[in-house]
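Presented below is the structure to which this report refers.
The values are calculated or read from the model by the stated rules, or taken from the named source; none is laboratory data. This is a predicted model, so every value here is computed, not measured. Here the Cβ positions follow ideal geometry from the backbone for every residue, glycine too, while neighbour counts run over all protein chains shown. What goes into the accessible areas is simple: the full protein's heavy atoms, side chains included, and nothing from ligands, DNA or RNA. Shrake-Rupley method; radii C 1.70, N 1.55, O 1.52, S 1.80 Å.
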Amino acid sequence: MSYPIIAIDGPAASGKGTLSRNIAEKLGYAHMDTGSLYRAVAFEVLEMGGDPENADDALKGADSLANKIKNDDPSSSGFILHNAKLRGDEVAQAASVVAAMEPVRKQLVILQRTFAQNPGEGYQGAVLDGRDIGTVICPEADVKLFVTANIEVRAGRRMKELQSRGIEATNGTVLEDMRARDARDTERKSSPLKPAEDAVMLDTSQLSESEVLEKALEIIQGKMSGPTIS
Ligand code: CDP
């Protein structure tokens, strides 16, 4: 049996995570935040005292995560991808460094495809958000959205998110970090951040959370014969 797949890609703090969670809730789909996989690899590397720029260390981190996640329970609060320490900007920067390495990405492909094809009991489909879902992980996805927002809006959103988690940051450093990460993610050779040819662009700069959801649901309904959304 194959399940519908919704692929949502876009740069940091574009609103893709919130939108993906909202779509998943509305449609009864399972959701995977694939960025948390790369963050978790970076965290493993840092915890082992490794260097994210070093390809051997990065691959060790990816292997370690792949082993740990196999025996972990996604519904438990202690699930490896729910670790609050993954959310800081130091881990995000290190994530975008390890994410540029092909062997690291390869290690994570199967995890993501398995999730997309088997979203789990009780779920009607899968929503995955990331950078290469529509282009590499699920090129067969039923709906592909590419979510963007201007960089000042994105930096403002990230500041708020960090503050709400009690993480200290300044506007200047957040904006600078975001520029560096955008450049690394779009310029890398391996699965760069870019819209799939058949992706629908969604600019969230001027839209509220509920307006973004409404627009996305319209697009989904236009692309799929189901689901019926009330
Ligand atoms: O939350 P935010 O959008 O800032 O970042 P994230 O989605 O958690 O992703 C962290 C980093 O992981 C990104 O900057 C990318 O370098 C990398 N990533 C990737 O390469 N491919 C994905 N499918 C998801 C994330």
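Annotations
- Taking the Cα centre of segment 30-123 as reference, the dipole from Cβ charges on Lys and Arg (+1) and Asp and Glu (-1) amounts to some 280 debye.
- Label-point gap, in nm, between residue 55 and residue 68 - each point 7 angstrom along Cα→Cβ: 2.5
- Sulfur and carbon atoms: percent of accessible area, the chain [1.4 Å]: 49
- Every Cα-Cα pair in the chain was counted, and those over 32 Å apart are 15% of them.
- Estimated dipole of segment 1-60 in Debye, rounded to 20 [Cβ of Lys and Arg +1, of Asp and Glu -1, Cα centre]: 480
- Using Cβ point charges alone (K and R +1, D and E -1), the dipole size of the chain about the Cα centre works out to roughly 140 debye.
- Taking other residues whose beta carbon is less than 14 angstrom from the beta carbon of residue 170, and scoring Lys, Arg as +1 and Asp, Glu as -1, yields -2.
- Solvent-accessible area per residue for segment 30-123 (1.4 angstrom probe, square angstrom): 49
- Placing R0 at 25 angstrom, the Cβ-Cβ distance between residue 182 and residue 87 gives a FRET efficiency of 0.85 after rounding to 0.05.
- With all projection directions averaged, the alpha carbon convex hull of segment 67-203 covers 9.4 nm².
- Sorting the Cα pairs of segment 12-134 by distance into bins of 5 Å, from 0 upward, gives 2, 12, 21, 25, 21, 13, 6, 2, 0 percent per bin.
- Here the calculated FRET efficiency for residue 168 and residue 210, from their Cβ-Cβ distance with R0 = 30 Å, stands at 0.50, rounded to the nearest 0.05.
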